Amino acid sequence: MTTPLEVTFELAPWRSALSRALHRNRAQPFCRFLQLATVRSDGSPANRTVVFRGFLESSNRLMFISDRRSEKIDQLHQEPQTPNRTPFNAEICWYFTKTREQFRISGQLSSIDASHSEVSLIAARQHLWQRISDSARLQFAWPHPKDVRTKDSNFEPSAPDSQMPPATFCMLLLTPLNVDYLSLSGEPQDRIIYSYQDADWTRQVVNP
Ligand SMILES: Cc1cc2nc3c(=O)[nH]c(=O)nc-3n(C[C@H](O)[C@H](O)[C@H](O)COP(=O)(O)O)c2cc1C
């Protein structure tokens, strides 16, 4: 059986709804902000806001960026707590305020840093680094996140190379396995669940 990481690329059925929402909400810059939840080693949830950076080319995988020193990265690398744990290790929750649509996308989140073995992903990471703003790049040269701030903490480091990402720069890839779509504008509201099973997506209209 193939996994969603191996199949030949086909646009997932939920992609058109998401593209439409992004297009119809594009006047609001914050329409690309969403919440990303992971799981801490003690099983408690961890949630934070991140910016959607587009889809990895020829895939349904969503891209984000993160500092390698941040806690979310440790949470991705921790050992499974149970032997039969599901492949789901993250969920995003994305609400589009203008069109009143919510996408809850869960699946497998992985981080790509300079040590990754896949050449095409290393190239995608580099391309992403080149696309982000100077101010976003500068944050990857800041002192260690969550260290106590002192008068010596240097938040004015020299600008990082705009071509080659530093070791602190990670590309995060979310491979969706379940998409729970809710539109508040219908009477009754519309809810559709998309699930990735046996190398294919199923689509089911359910009660809200
Ligand atoms: C509007 C907004 C956008 C943000 N975008 C990102 C982002 O794209 N990537 C990121 O790692 N953190 C982003 N952050 C910071 C995170 O919310 C979070 O504070 C940081 O990543 C540390 O989280 P962690 O310790 O759970 O890894 C953003 C915060 C806000 C408020």
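Coordinate-derived values only; no laboratory data. Treat the numbers as computed from the prediction; the structure is a model and nothing was measured. Here the Cβ positions follow ideal geometry from the backbone for every residue, glycine too, while neighbour counts run over all protein chains shown.
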Q | Residue count, the range 52-71 (criterion: within 8 Å of the ligand (Cβ to nearest atom) and either over 28 Å from residue 199 (Cα atoms) or in contact with a Pro (Cβ under 9 Å, 6 or more places away or on another chain) (or both)) | A | 4
Q.
Could you tell me how many of the residues in the range 60-83 are buried (at least 18 other Cβ atoms within 10 Å of the Cβ) and farther than 21 Å from residue 139 by Cβ?
A. 2
Q: Would you mind stating whether residue 56 is under 12 Å from residue 171 (Cβ atoms) and out of contact with any Cys (no Cβ under 6 Å at 6 or more places or on another chain)?
A: yes
Q: Identify the single condition in (1) in a loop (DSSP other than H, G, I, E, B); (2) more than 16 Å from the ligand (Cβ to nearest atom) that residue 179 does not satisfy, given that it satisfies every other one.
A: (1)
